1. Taking every eigenvalue of the Cα gyration tensor of the stretch 233-282, multiplying by 5 and rooting it, what semi-axes result, largest first, whole Å?
2. Which of the lysines could a cross-linker bridge to residue 80, judged by Cα under 20 Å and excluding same-chain residues fewer than eight apart?
3. Let me check against my output: what whole-number percent is the relative contact order of the stretch 120-182, with C-alpha pairs under 8 Å and at least 6 apart?
4. Once the convex hull of the C-alpha atoms of the stretch 54-138 is built, how many Å³ does it hold per residue, rounded to a whole number?
5. For a 32 Å ceiling on Cα separation, which of these pairs sit above it: 164/233; 276/399; 164/267?
6. What does the charge add up to near residue 105, with Lys and Arg as +1, Asp and Glu as -1, over the other residues with Cβ less than 15 Å from its Cβ?
7. Give, to the nearest whole percent, the P(r) tail of the stretch 74-197 beyond 25 angstrom, counting all Cα pairs.
8. Can you give the FRET efficiency for residue 176 and residue 146, using 1/(1 + (r/R0)^6), R0 = 45 Å, r = Cβ-Cβ distance, to the nearest 0.05?
Amino acid sequence: MAAMSLVQISGIPFPVPRVMIAGVCTVLHLCFGTVYAWSFFQVLLVRQLGWTFTDTAMAFGFAIFSLGVSAAWAGVQLPKLGPRRLAFLGSVMFSAGYLVAAFALSQNSLALFYLGYSVIGGIGLGMGYVTPVATVANWFPEHKGLATGIVMMGFGVGALLLSKLLAPVLLVYTDEDLTNVFMWLGVTFGVITIPASLLVVNPPREETTALEQAAPSLFTEEDDPHYVKNCVKSREFLVMWVIFFVNIVAGISVISFQSPLLQDIWKLTDPTIEPKVLASYGATLIAVSSVCNGVGRLLWGLLSDYIGRVRVFRILLATQMVVFGMLMTERDPWIFSILLCYVLLCFGGGFATIPSFISDVFGTKKMSSIYGFILTAWAIAGVLGPLYAGYLKDSYPNKVVIYCFLIGVLVLSIGFVFSMLLNNDRIRIYWSLTSPCQERRPRSRGFSDRFSADLVGVRHRTRANVARDILDVTRTTLAFSRATLARASR
């Protein structure tokens, strides 16, 4: 393949290397991923404006909800509108969201802040999240996992950019005036993302043909108009949606409050610590955990290629149940921080694994549309996770750590139970010959037995085995929760 490709930008052909496209997509995700540094601003907003932690949690939750809904829409519309248009609109709305939020802060208007940061900015985030991932996959079909993993890692590491560079510098420059901080963030992101979005293009048609020939083709095209609808209504999609939702709820409840929670732990250790020192500790945790979020997107994604998607999700959910249980009673700030970082490592892993999981189950041709639908789990989890964490922070300030992570254990146990309904390393759905959602798959070396057999464990696993697994997990979780609460109350 040629090192340079001619792409049309404003009607003018420009030679663009595909590595440059990957770099631009990563930069966009790096900027959009700064949303995960939200907890950096929470204490400042509560202290300066008198808002509650529930108020600030809802701002973040609504932003993630808008992100998930718009990402679902963008995934379906991407083939029609094209990546450049969606990336440009997403960049403009993301930057405008910060500017509207800055005006809302000057007026101390929480409703206007929700409109700017959460709705306008969140919609921009959704468009900006889906487009770079799909675009870079088209440019690197022979290395999709690695290319998309690098881009998604940028989204995970975005919190590092904001918490340790942009926000601290702007707070010093503006003398902690949050109105000016948000205004300059909007300007900065606009200057970076809007020009970069103009380079987010698909490879030319002749280039696409050459790339597709270079990549292995496992599936034939499926043009049935009911394909996506029937896949989304399938039992397998529901199970995947629940598992994905649970992993997000667990992680996003930590992301939204990791800085305040760590500051509370430090206060228990040393009540004389100054607020600025506590804020620096919180910012450092956000930065380190964002790196874990990004690394997890590479690590777990690569691991799933070797041990299978289902096993990865079971490991993610089971290990987080143990970690959340430890977090309920852990009062050492350093160990507490390490455990939180592991949660973020698993959080990123879920996002890295689910696209490949969808391709394994439903095929590749309609992957972007089905992926968009499963991102609705992100939208709903983005509201519920921060909302219950914020409510507990306001209502039970002395017990917030115990209650927050106890709920996490219970939610994760539900996800683990659902993961038991899928029992294949490399799951492939077996569609009956009359199913309109059928894809005819040729035999592929190394998977001939899996393709030729009935490969869905859900339908052929006995109900007694599934019920036994569910009861075992439920009993273990309840016993663990009772023991932890008893130890915490002493």
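Each value in this text was obtained by applying a stated rule to the coordinates, not by laboratory testing. As the structure is a prediction and not an experimental result, all values here were calculated from the model. Note: ideal-geometry Cβ built from the backbone for every residue, glycine included; neighbour counts use all protein chains shown.
1. Working: eigenvalues 297, 14, 4 Å².
Working through the eigenvalues yields semi-axes of 39, 8, 5 Å.
2. In chain and number order, the partners are 229, 365, 366.
3. On the way: 21 pairs, mean separation 10.7, N = 63.
That works out to 17 percent.
4. Cα-based convex hull of the stretch 54-138, divided per residue, equals 72 Å³.
5. On the way: 164/233 43 Å; 276/399 24 Å; 164/267 22 Å.
Listed pairs above 32 Å: 164/233.
6. Values: positive: 47; negative: 55, 175, 176, 177.
Within the 15 Å Cβ shell, the charges total -3.
7. Details: 2252 of 7626 pairs.
It works out to 30 percent of all Cα pairs.
8. Details: r = 41 Å, r/R0 = 0.92.
Result of the calculation: an efficiency of 0.60.
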